[in-house]
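Bear in mind that the values in this text are calculations on the coordinates, not laboratory data. Keep in mind that what you see is a predicted model, and the values were worked out from it rather than measured. In this analysis, Cβ positions are derived from the backbone assuming ideal geometry, glycine residues included, and neighbour counts consider all displayed protein chains.
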Amino acid sequence: MKKQLPSILTIFLISTCVIIAGCSVVKPVSLLNLAISSDGYALQSVRYGNQNRQAMDVYRPELASQKTPIIFIYGGAWTEGNKKDYKFIGQALSQLGHPVIIPDYRLYPDVRFPAFIQDIAQAIRFTEKNAQQLLDKPLKKFILMGHSAGAYNAALLVTKPAYLGDGLYQKMQAVIALAGPYDLPLNDPGVKPVFAGATSATSNILQNTHPNMPPLLLLHGQDDKRVFPFHTERWQRVLRQYGNSVEVHIYPKVNHIDVVSGIAAPLRRLSPSFQDIQQFLKRLPD
């Protein structure tokens with residue numbers, strides 16, 4: 001087993017070196033991954049499409065498990081991000097027995113909305129078609145999970161079933177969303193060029209929410225200054241108005257980065273995210 005860095009040293013390195021840009025954790029997030037064990041899972045990298053960045057990493061627990069695969073969508077303001085930076089997510093969730101799929105997707109300025117949503121949907125369809133090879137079992141159900149812009153991507157997929165199609169949409173067992181900009185401001189300078197041509201009807205999560213959605217877990221830091229907590233609070237109200245099952249945690253003294261980096265084994269003192277995700281997953285039916 002690879003030796004982990006002492007957690008105090010790791011926290012010091014990450015807190016002094018990780019910077020925020022838009023909705024993303026920017027390098028050197030690799031410092032965090034240095035502290036993460038590579039034991040307990042097998043990693044496979046595959047392409048799900050022919051376009052640049054249409055590739056994904058699959059973390060499969062070494063011990064056979066029937067637990068539901070989790071598809072994690074990272075953030076980055078739809079302008080940056082790389083699947084290899086999220087080893088700490090793959091490791092944490094695969095240690096719970098869940099296969100984890102982390103897709104890259106095309107980014108602005110190469111593409112605009114909804115191309116990155118379509119890429120995630122394509123990655124899920126590829127996983128379903130090749131599940132025996134990738135997961136050693138058919139894809140009977142899956143869980144969507146995302147942070148920041150990735151949480152928005154997951155939220156749009158659950159609120160607009162047409163992206164996946166009825167058959168695949170019905171396999172979505174649950175959604176875990178961290179610090180997403182659900183009430184998307186299309187006039188925001190960072191959002192406007194990425195979503196050029198979009199309308200609230202096509203892009204706003206609150207306006208597309210409907211009944212009979214799968215259970216949701218929404219997490220947000222109260223001290224988040226990148227994506228303010230009102231996004232989660234507003235979506236929670238709309239979800240409940242439609243009778244959907246939603247669990248919400250807004251953490252005091254937790255910021256935009258802590259809510260996701262707290263999933264990593266060495267950094268779990270930063271936020272209760274991992275514990276709440278673990279308990280939510282336990283409550284889902286097998």
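For Arg47 paired with Arg268, estimate the spin-label separation in nm (one decimal), with each label point 7 Å from Cα along the Cα-to-Cβ line.
With each label point 7 Å from Cα toward Cβ, the separation is 3.9 nm.
So if I average 1/r over every pair of distinct C-alpha atoms in the chain and take the inverse, what Kirkwood radius in Å does that give?
Details: mean 1/r = 0.0533 Å⁻¹.
Computed over the chain, the radius equals 18.7 Å.
Full extension from Thr199 to Leu96: what is 0.36 nm times the residue separation minus their Cα-Cα distance, to one decimal in nm?
Separation in residues times 0.36 nm, less the Cα-Cα distance, equals 33.2 nm.
Through the Karplus equation 6.51 cos²θ - 1.76 cosθ + 1.60, θ set to phi - 60°, convert the phi angles of the range 235-249 into ³J(HN,Hα) values in whole Hz; use x for Gly and Pro.
Here the 3J(HN,Hα) series is 5, 4, 4, 5, 4, 6, 4, 8, x, 7, 7, 9, 10, 10, 10 Hz.
Go ahead and set up a Gaussian network model of the chain, Cα springs under 10 Å, then flag whichever of Val158, Val248, Val100 fluctuates most.
In this elastic network of the chain, the residue with the biggest mean-square fluctuation among Val158, Val248, Val100 is Val248.
Using alpha-carbon positions, what is the distance between the centroids of the range 227-262 and the range 100-154, in Å?
Computed from Cα coordinates, the inter-centre distance equals 22 Å.
Calculate, in nm to one decimal, what Ser38 and Asp188 gain on full extension: separation in residues at 0.36 nm each, minus their alpha carbon distance.
Taking 0.36 nm per residue and subtracting the Cα distance, the gain is 50.0 nm.
I want to check the label-to-label distance for Arg240 and Gln118. Put each point 7 Å from Cα in the C-beta direction and report it in nm to one decimal.
3.8
Express the relative contact order of the chain as a whole percentage, based on alpha carbon pairs under 8 Å and six or more residues apart in sequence.
Relative contact order, the chain: 16 percent.
Picking from Ala177, Ala35, Ala154, which is most flexible by a Gaussian network model of the chain using Cα springs under 10 Å?
Answer for the Gaussian network model of the chain: Ala35.
Starting from the Cα gyration tensor of the range 36-99, take the square roots of the eigenvalues, sort them a ≥ b ≥ c, and report rounded, prolate or oblate (rounded when a/c is under 1.5, otherwise prolate if a/b is larger than b/c, else oblate).
prolate
Indicate, rounded to the nearest 5 percent, the antiparallel portion of the DSSP beta bridges found entirely in the chain.
Bridges in the chain that DSSP calls antiparallel: roughly 40 percent.
For the chain, set up a GNM with springs between Cα atoms under 10 Å and report which of Gly150, Gly243, Gly40 has the largest fluctuation.
Maximum fluctuation in the GNM of the chain, among the listed residues, is at Gly243.
Would you please state which residues of the range 238-267 a label at Phe230 would reach in this model, taking the label point 7 Å out along Cα→Cβ and a backbone N cut-off of under 17 Å?
Counting only backbone N, you get 238.
Please give every one of the lysines within straight-line cross-link reach of Lys282, meaning a C-alpha to C-alpha distance under 23 Å, and leave out same-chain neighbours fewer than 8 residues apart.
Lys67, Lys87, Lys137, Lys140, Lys141, Lys171
Once you list every other residue whose beta carbon is under 13 Å from the beta carbon of Ala64, what net charge do they have if Lys and Arg are +1 and Asp and Glu are -1?
+1
Extension gain Leu63-Lys137, at 0.36 nm per residue separation less the Cα-Cα distance, in nm?
25.3 nm is the gain from fully extending Leu63 to Lys137.
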